[in-house]
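The values are calculated or read from the model by the stated rules, or taken from the named source; none is laboratory data. Note that the structure is a prediction, hence the values are computed from the model and not measured. Note that each Cβ is placed from the backbone with ideal geometry, even for glycine, and that neighbours are counted across all protein chains shown. In case anyone asks, the SASA skips ligands and DNA or RNA and just uses the protein heavy atoms, side chains included. Shrake-Rupley method; radii C 1.70, N 1.55, O 1.52, S 1.80 Å.
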Amino acid sequence: LKDQFDNLDKHTQWGIDFLEKYAKFVKERIEIEQNYAKQLRNLVKKYCPKRSPKEEEPRFTSCIAFFNILNELNDYAGQREVVAEEMGHRVYGELMRYSHDLKTERKMHLQEGRKAQQYLDMCWKQMDNSKKKFERECREAEKAQQSYERLDNDTNATKADVEKAKQQLNLRTHMADENKNEYAAQLQNFNGEQHKHYYIVIPQIYKQLQEMDERRTIKLSECYKGFADSERKVIPIISKCLEGMILAAKSVDEHRDSQLVIDCFKSGFEPPGDFPFEDYSQNIYRTISDGTISTPKQEGMRIDSKTTVGKAKGKLWLFGKKPKGPALEDFSHLPPEQRRKKLQQRIDELNRELQKETDQKDALIKMKDVYEKNPQMGDPGSLQPKLTETMSNMDRLRMEIHKNEAWLSEVEGKVAARSDRRHSSDINHLVTQGRESPEGSYTDDANQEVRGPPQQHAHPNEFDDEFDDDDPLPAIGHCKAIYPFDGHNEGTLAMKEGEILYVIEEDKGDGWTRARRHNGEEGYVPTSYIDVTLEKNSKGA
């Protein structure tokens, strides 16, 4: 390939072009991966639920499984982004850097080859010039010799002309000898340079070009492998994402979803009772025998069918469309079962908030102790406002918990009473079936049905019901109010700062202590607002 410099020039240029072509292919593949990941994330964002209150969070296993699948798909999109990033850093970026270095190295080698060729051409021109000069001097010497011989043989020529011709011959002969020596030297030099060019310089340049081209091929091979490795690295994580989708699909439980529907719409109300028999034949048959169905009713006891049906319809909303009303704080607008659930959820949330405030108070107390022991770390007084605010929040939360627990007890009491009434109503229904005429009718209360005389049921819906004991509790100690307390809520006891009270029931962990004044007034006060002293033998009630 000593004479194929131009072809090698074209081949190396083709190699670089091919390298850049593959780099362009990788770039387009990266763009595809990025767009695919972006579209997947947009799809997940489109179908993911927006942040909603806890009561609106999905509870059905099919919904939870779908949202888990969306999360796994989001992770899968992240892995596509990892593939694009790995390809961009390991393949595309490396190819672009190597292409730049390859162009620089190729340019340097080609310049060396051209310089070597130019130097050889220059040596050939010098040799050729010396050759032509030697040839010209030889012709001039031959002409001088012919002129000398002609004058020497001419008898008419003078001696001076012959001598002059002889000197001219000697001069030309001498110049021809010098040009001959110069030509021989230039020829020898050119032959040496030509041998060096074709056997040393050019092979070395070609070898460098060959090594460069082989490195380019190796680099392409490494990039091919890196291209595949970028995809293979994320296959385990992608497999986990797919396994997560399969597990989400297996987690769907149709029985649990059905039970959730039942729990969600369970109202706790009783079904409507049986419609009473209305005898319209009493005006026709005045004479009543022993086999009649029922006895005629008094005018006051006559049932208006329109009124009865209207009342029945008013009660049927429990199983149809529920009338809408404003949401109340105690959830009294909800059916008993749903109200109990809502109250229980609120109590749990308040307990969690109370626990957070308690942890914050403990942390502030510890920090205050550290500041008192090491004043250089901070001012203990700066923590007092935050500590007071935290204690106030704790008292507020405890009052809220106490209030909601009272409402919950009221609901549970109503549910238990309703269950007892249902059992009693079933028994009464069985007993009265053999009588002359049914006495049952709907009452104005849509939540209950009374057969016979209505019975009064007590509902424990006030804090004062807890203090209706026959004998007052004895005092087990006394306490002193550290802070004033208003006691606006039911069941609480207002107190002034410095007031002395009897303690009749210790704090059971809810942050409230039951106390009594000297005049016999009782109620709950915040434990953090008083200084309690328990006594074994204290003054009685």
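Based on what the data block shows, is LYS219 free of Cβ contacts under 8 Å to residues at least 24 places away in the same chain and assigned to a helix (DSSP H, G or I)? Walk me through it before giving the result.
Numbers: free of Cβ contacts under 8 Å to residues at least 24 places away in the same chain: no; assigned to a helix (DSSP H, G or I): yes.
Taking the combined requirement at face value, the residue does not satisfy it.
Going through the range 331-367 one residue at a time, which ones are among the hydrophobic types (A, V, I, L, M, F, W, C) and in a helix (DSSP H, G or I)?
LEU343, ILE347, LEU350, LEU354, ALA363, LEU364, ILE365, MET367
Is there a residue being hydroxyl-bearing (Ser, Thr, Tyr), open to solvent by 100 Å² or more (accessible area, probe 1.4 Å) and out of contact with any Lys or Arg (no Cβ under 6 Å at 6 or more places or on another chain) anywhere in the range 125-148?
no
Can you tell me which of (1) open to solvent by less than 60 Å² (accessible area, probe 1.4 Å); (2) modelled with pLDDT of 95 or more is the one SER52 doesn't meet?
If we test SER52 against (1) open to solvent by less than 60 Å² (accessible area, probe 1.4 Å); (2) modelled with pLDDT of 95 or more, just (2) comes out false.
Residues that are at pLDDT 90 or above and more than 30 Å from ASP17 (Cα to Cα): does the range 267-282 have at least one?
no
Inspect the range 314-326 for any residue being part of a helix (DSSP H, G or I), farther than 30 Å from MET391 by Cα, at pLDDT below 50 and more than 47 Å from the chain's Cα centre (by Cα) and give the result as yes or no.
First, the residues of the range 314-326 that are part of a helix (DSSP H, G or I): 314-318.
Subset that is farther than 30 Å from MET391 by Cα: 314-318.
With the extra rule that they be at pLDDT below 50, the set shrinks to 314-318.
Remaining after also requiring more than 47 Å from the chain's Cα centre (by Cα): 314-315.
Yes, because at least one residue in the range 314-326 is part of a helix (DSSP H, G or I), farther than 30 Å from MET391 by Cα, at pLDDT below 50 and more than 47 Å from the chain's Cα centre (by Cα).
So LYS225 passes all but one of these: (1) at pLDDT 75 or above; (2) touching a helix residue (DSSP H, G or I) at 6+ places or on another chain (Cβ under 8 Å). Which condition number does it fail?
(2)
Please pick out the residue among LEU120, LEU102 that is in a helix (DSSP H, G or I), under 30 Å from GLN34 (Cβ atoms) and open to solvent by less than 20 Å² (accessible area, probe 1.4 Å).
Numbers: LEU120 fails: under 30 Å from GLN34 (Cβ atoms).
Going through LEU120, LEU102 in turn, just one is in a helix (DSSP H, G or I), under 30 Å from GLN34 (Cβ atoms) and open to solvent by less than 20 Å² (accessible area, probe 1.4 Å): LEU102.
Please determine whether any residue of the range 163-184 is within 60 Å of the chain's Cα centre (by Cα) and either assigned to a helix (DSSP H, G or I) or closer than 30 Å to LEU102 by Cβ (or both).
Going through the range 163-184, the residues within 60 Å of the chain's Cα centre (by Cα) turn out to be none.
Checked against the condition, which is being within 60 Å of the chain's Cα centre (by Cα) and either assigned to a helix (DSSP H, G or I) or closer than 30 Å to LEU102 by Cβ (or both), the range 163-184 yields no hits at all.
Scan (1) in contact with a Phe, Trp or Tyr (Cβ under 8 Å, 6 or more places away or on another chain); (2) more than 30 Å from SER332 (Cβ to Cβ); (3) at pLDDT below 90 for the single condition ARG516 breaks and write down its number.
Against the list (1) in contact with a Phe, Trp or Tyr (Cβ under 8 Å, 6 or more places away or on another chain); (2) more than 30 Å from SER332 (Cβ to Cβ); (3) at pLDDT below 90, ARG516 comes up short only on (3).
Can you tell me which residue in the range 219-252 is farthest from the chain's Cα centre (by Cα), limited to those that are among the acidic types (Asp, Glu) and open to solvent by less than 60 Å² (accessible area, probe 1.4 Å)? Give the derivation first.
If we filter the range 219-252 for residues that are among the acidic types (Asp, Glu), which is where we start, we get 222, 229, 231, 243.
If we keep only those that are open to solvent by less than 60 Å² (accessible area, probe 1.4 Å) as well, we get 229, 231.
Numbers: ASP229: 27, GLU231: 23 Å.
Ranking the candidates gives ASP229 first.
Conditions: (1) in a helix (DSSP H, G or I); (2) open to solvent by 70 Å² or more (accessible area, probe 1.4 Å); (3) free of Cβ contacts under 8 Å to residues at least 40 places away in the same chain. ASN156 meets all but one. Number of the miss?
Unmet for ASN156, out of (1) in a helix (DSSP H, G or I); (2) open to solvent by 70 Å² or more (accessible area, probe 1.4 Å); (3) free of Cβ contacts under 8 Å to residues at least 40 places away in the same chain: (1).
Report the residue count in the range 362-396 for those that are open to solvent by 80 Å² or more (accessible area, probe 1.4 Å) and in contact with a Ser or Thr (Cβ under 6 Å, 6 or more places away or on another chain).
Total satisfying the criteria: 0.
Considering every residue within the range 408-417, establish whether at least one is under 37 Å from the mean Cα position of the chain (by Cα) and modelled with pLDDT of 85 or more.
no
Considering (1) open to solvent by 10 Å² or more (accessible area, probe 1.4 Å); (2) farther than 26 Å from ARG352 by Cα, say which one CYS479 fails and leave the rest.
Unmet condition: (1).
For the range 64-77, does any single residue satisfy the condition of being open to solvent by 30 Å² or more (accessible area, probe 1.4 Å), under 26 Å from GLN13 (Cβ atoms) and among the aliphatic types (A, V, I, L, M)?
no
On the basis of being at pLDDT 85 or above and of a type in the set (Asp, Glu), does ASP263 make the cut?
No.
Does GLN79 satisfy the condition of being under 30 Å from ALA248 (Cα atoms) and not basic (Lys, Arg)?
In short, yes.
Residues LYS45, LYS2: which one is open to solvent by 60 Å² or more (accessible area, probe 1.4 Å), at pLDDT 90 or above and of a type outside the set (Val, Ile, Thr)?
The match here is LYS45.
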